[in-house]
Amino acid sequence: MLTERVWSGNSLRNFHYLVACPETGEALAVDPLEWRMCLDAARRRGWEITQILNTHEHTDHTGGNAGLKAATRATVAAHAGAASRIGGVDRGLNKGDIIKVGRTVELECLDTPGHTMTHVCLLSHTETPALFCGDTLFNAGAGNCYNGGQPEALYETFVSQLARLPDRTQVYPGHEYLARNLEFTLDREPGNEDAPRLLAEARHHDPAKAVVTTLAEEKLINTFFRLQNPTVIARLREAFPDIGARPDAKTVFVKLRELRNRW
Ligand SMILES: [Zn+2]
Ligand SMILES: [Zn+2]
């Protein structure tokens, strides 16, 4: 499997991805909002985009479908429940479906509600798994839930699906928000030992060359995976005294998400 991350350079800080079969050169474009950039990247690599995948229905992920489809005749796949809202979807996806790219690439669809209730993540069946996670999981952060989502559902997705994937899984989110998210991590957990080093890098990096984190790293730097951390809980109680001394993980997650909304 060959993967190319395409940095949009737009104000929304979108990342697009091309996933290609090394034998046939067929490629899947994930959330190709700036579709001309994706087309150019594919041409440079000698790849042919034959499929488009939307992780969810928001227009900053689907807005390139029509242009790219017209230019390539690629088919469009998205969560079956989002298809009617997106329009022009050729294949509605359900949990466990496999997307094949060329002869060698297989990507499993995970049904991952929370950011919206019809969101898929793609997981590669490769030696080093890759997770294309849209607006569910960001580097050092979690997606918001105020455009059709539910924080309780996002919590379930985090604990029952994402946290259980292999630690070496590489994380490929739909936007580049690393520095801002690390600042939130340090606001919630000032003594976090791993966030400062990455933050120093992230403040100066070219987003086109941003680090690709693994789930192991996310568990160290992402507050939304650190729900039992004593400092995270103590700091959260300053904002929400009602949660008590031993809040459950779901309460911590939901309150963190609420704080992040206005942070
Ligand atoms: Zn979104
Ligand atoms: Zn988005």
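The values are calculated or read from the model by the stated rules, or taken from the named source; none is laboratory data. Predicted model only: the values in this text are computed from it and were never measured. FYI the Cβ positions are ideal-geometry reconstructions off the backbone, even for glycines, and counts take in every protein chain you see. Quick note on the areas: whole protein, heavy atoms, side chains included, nothing else; ligands and nucleic acids left out. Shrake-Rupley method; radii C 1.70, N 1.55, O 1.52, S 1.80 Å.
Using only helices, what value at 222 nm comes out for the chain when you add -39,500 (n - 2.57) per DSSP H run of length 4 or more and divide by the total residues, to the nearest 500 deg cm²/dmol?
Values: 10 runs with 88 residues, N = 263.
The helix contribution divided over the chain gives -9500 deg cm²/dmol.
Would you kindly state the longest site-free stretch of the chain, with sites defined as GluC sites (Glu not before Pro) in a DSSP loop (not H, G, I, E, B) surrounded by at most 16 other Cβ atoms within 10 Å? Don't skip to the answer; put the middle values down first.
Working: sites that count: 23, 127, 193.
With a cap of 16 other Cβ atoms within 10 Å, the longest stretch comes to 24-126.
Can you tell me the 0 to 90 degree angle between the C-alpha axis of helix 249-261 and the longest principal axis of the chain, rounded to 10?
Orientation of helix 249-261: about 80 degrees from the principal axis.
As I understand it, the dipole of the chain uses +1 on the Cβ of Lys and Arg and -1 on the Cβ of Asp and Glu, about the Cα centre. Which of 14, 113, 221 lies farthest toward its positive end?
The residue sitting most towards the positive pole is 14.
Ranked by accessible surface with a 1.4 Å probe, highest first, in what order do 112, 214, 231 come?
231, 214, 112
What share of the DSSP beta bridges in the chain is antiparallel, in percent to the nearest 5? Intermediate results must be reported in sequence, preceding the final value.
On the way: 25 of 40 bridges.
Percentage antiparallel, nearest 5: 60.
Please find, in a Gaussian network model of the chain (springs between Cα atoms separated by less than 10 Å), the residue of 130, 42, 245 whose mean-square fluctuation is greatest.
In this elastic network of the chain, the residue with the biggest mean-square fluctuation among 130, 42, 245 is 245.
Per residue, how much accessible area does segment 148-263 have with a 1.4 Å probe, in Å²? Mind dumping the intermediate values first?
Numbers: 5590 Å² over 116 residues.
Accessible area per residue: 48 Å².
Give me the angle, in degrees from 0 to 90, between the Cα long axis of helix 230-239 and the longest principal axis of the Cα atoms of the chain, rounded to the nearest 10.
The two axes meet at around 80 degrees.
Subtract the Cα-Cα distance of residue 208 and residue 40 from 0.36 nm times their separation in residues, and report this length gain in nm to one decimal.
Working: separation 168, 0.36 × 168 = 60.48 nm, distance 1.52 nm.
Using 0.36 nm per residue and subtracting the Cα-Cα distance, I get 59.0 nm.
In µm²/s, what is D for the chain at 4 °C and 1.567 mPa s, where D = kT/(6 pi eta Rh) by Stokes-Einstein and Rh is the Kirkwood radius from Cα pairs? Please list the in-between numbers first.
Working: Rh = 18.7 Å.
Answer, rounded: 69 µm²/s.
Specify the angular offset, from 0 to 90 degrees and rounded to the nearest 10, of the alpha carbon long axis of helix 151-160 from the longest principal axis of the alpha carbons in the chain.
Tilt relative to the chain: about 80 degrees.
Quick one: pull the percent of accessible area on the chain belonging to carbon and sulfur, 1.4 Å probe, ligands and nucleic acids left out. Mind dumping the intermediate values first?
Numbers: 5290 of 11340 Å².
Roughly 47 percent, rounded to a whole number.
Roughly how many whole Å is it from the C-alpha centroid of segment 142-165 to that of segment 185-263?
Using only Cα atoms to place each centre, the spacing works out to 15 Å.
With a 1.4 Å probe and all protein chains kept in place, how much accessible area does residue 100 have, in Å² rounded to the nearest 10?
The value for residue 100 is about 130 Å².
Which net charge results when you count Lys and Arg as +1 and Asp and Glu as -1 among the other residues whose beta-carbon is under 13 Å from that of residue 241?
Working: positive: 235, 237, 255; negative: 238, 242.
After counting each charged neighbour, the total is +1.
Just read off the accessible area of residue 35 with the full protein assembly in place, 1.4 Å probe, to the nearest 10 Å².
Spelled out: residue 35, probe radius 1.4 Å, area about 50 Å².
Taking the Cα of residue 104, stepping 7 Å toward and past its beta carbon, and measuring to each backbone N in segment 1-30: which are under 18 Å?
Residues 1-5, 18-29 fall inside that zone.
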